[in-house]
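So the structure is just underneath, and the comments pick up after that.
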Amino acid sequence: MSVSVKDVAARAGVSIGTVSNVMNRPDKVSASTVERVQRAIDELGFVRNDAARQLRAGRSMAIGLVILDVGNPFFTDLARGAEDKAAESGLSIILGNSDERAARETTYLELFEQQRVHGVLISPFGDITDRLHRLRDRGIPAVLVDRTSADVSFSSVSVDDVAGGSLAVEHLIDTGRHRIAFVGGPHAIRQVADRLEGARATVARHPGVTLEVIETAALSVIEGRAAGVAIRERSAAERPDAVFAANDLIAMGVLQALNMQGVLHVPHDIALIGYDDIDFASAAVVPMSSIRQPSAMIGGTAVEILLEEAADPTLAPRQIVFQPELVIRESTS
Ligand code: RIB
């Protein structure tokens, strides 16, 4: 069982925040307290080398950010929000792309631990709870972005994706559609599952409205295009009259497929709504309706929380949940 900050604090008779200050900002602590805490660190063997290195070099000036898909503008907008907020405190962001792969996610978390980063922000793909606890034991706080934390011992900043799914389907029903297809996946991604949950709940409240679920292997334009081609090649009676895409990249792919060959027209034949409201959505050949996420604000808020927790590890975790916003454009009008 590794020695924690808490054990050192108890041994030295100080608060956890004081131990954190001794490791990160010894100039803010009296010499006698530094000496007492350092003695406790030495006696307990609290990750002595890392603590000593931090005493010498001071805390890392970098924050590690792991996102699911660097090709998705939602995450680069989120990263920009995090970067702008971090820069206000003289910190930088090291960006890692898990590419929706658990092994790659682990590689980045190990790298950030070795680098003793100031803290970690992550939009998780796999179950990383144990790893985040391990980081915390080494004095590295972690905040989940774009996901609530199943383990409420970690703070998170996200959007209510269940509400977002409901908002999208409610809008499609309001425009008179009643054969709706949800396109996106894998459902193992919590954000996708939550949006689908919201869609299902809304359809259940509307007798006569049906929901078909088309799971994709990834949240990409290519996967959206393949789903769109399959829909286009059905007979008119078999096609949905609306598509709710799990994110804007899927929606762009579906739009490309439906518009090919000039046979089908969005929204006349099939309405289409996406999720994230990335810049490409409004710039699409048929401007796309979408569910907007405050991506830059998610990133900036997560950095704020992380810096507060880095300064005081005793702070209680917080789950910040923003509300999604419906943006109506031509693709559903
Ligand atoms: O990558 C997963 C999806 O969830 C992104 O498109 C964004 O919507 C995030 O919330």
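The values are calculated or read from the model by the stated rules, or taken from the named source; none is laboratory data. On a predicted model such as this, the values are computed, not experimentally measured, just so you know. Neighbour counts run over all protein chains shown; Cβ positions are idealised from the backbone, glycine included.
The table that follows gives values for the structure above.
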read-out	value
Region 262-275 - residue that is in contact (Cβ under 8 Å) with a residue 60 or more places away in the chain and either in a helix (DSSP H, G or I) or under 10 Å from Ala242 (Cα atoms) (or both) and, of those, farthest from the ligand (Cβ to nearest atom)	Pro267
Top-ranked residue of region 229-246 - restricted to ones that are closer than 25 Å to Gln191 by Cβ and more than 16 Å from the ligand (Cβ to nearest atom), ranked as surrounded by the fewest Cβ atoms within 10 Å (Cβ to Cβ)	Ala230
Filter result (closer than 21 Å to Ala188 by Cβ, hydrophobic (A, V, I, L, M, F, W, C), free of Cβ contacts under 8 Å to residues at least 40 places away in the same chain and away from the ligand (no atom under 16 Å from the Cβ)) within region 75-120	Ala103
Scope region 104-156; condition among the aliphatic types (A, V, I, L, M) and under 26 Å from Ala217 (Cα atoms); matching residues	Leu109, Leu121, Ile122, Ile128, Leu144, Val145, Ala150
Hits in region 276-333 (condition: among the β-branched types (Val, Ile, Thr) and not in a helix (DSSP H, G or I))	Ile278, Val285, Val286, Ile291, Thr314, Ile320, Val321, Val327, Ile328
Condition met for Ala52 (exposed (fewer than 15 other Cβ atoms within 10 Å of the Cβ), at pLDDT 90 or above, more than 16 Å from the ligand (Cβ to nearest atom) and aliphatic (A, V, I, L, M))	no
Yes/no for Leu306 being within 25 Å of Asp84 (Cα to Cα) and at pLDDT below 95	no
Contacts under 7 angstrom Cβ, first residue in region 13-37 being closer than 16 Å to Arg136 by Cβ and in contact (Cβ under 8 Å) with a residue 24 or more places away in the chain, partner assigned to a helix (DSSP H, G or I) and polar (S, T, N, Q), 6 or more apart	Met23/Gln54; Asn24/Gln54
Output for region 283-330, where each listed residue is of a type in the set (Gly, Ala, Ser), within 16 Å of the ligand (Cβ to nearest atom) and within 30 Å of Met260 (Cα to Cα)	Ala284, Ser289, Ser290
Subset tally (residues that are farther than 30 Å from Ser4 by Cα, of a type in the set (Asp, Glu) and surrounded by 20 or more Cβ atoms within 10 Å (Cβ to Cβ)) for region 277-326	1
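This table checks each residue for (1) within 16 Å of the ligand (Cβ to nearest atom); (2) surrounded by 21 or more Cβ atoms within 10 Å (Cβ to Cβ).
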position	(1), (2)
Pro124	yes, yes
Leu132	no, yes
Ser155	no, yes
Leu167	yes, yes
Leu172	no, yes
Thr175	no, no
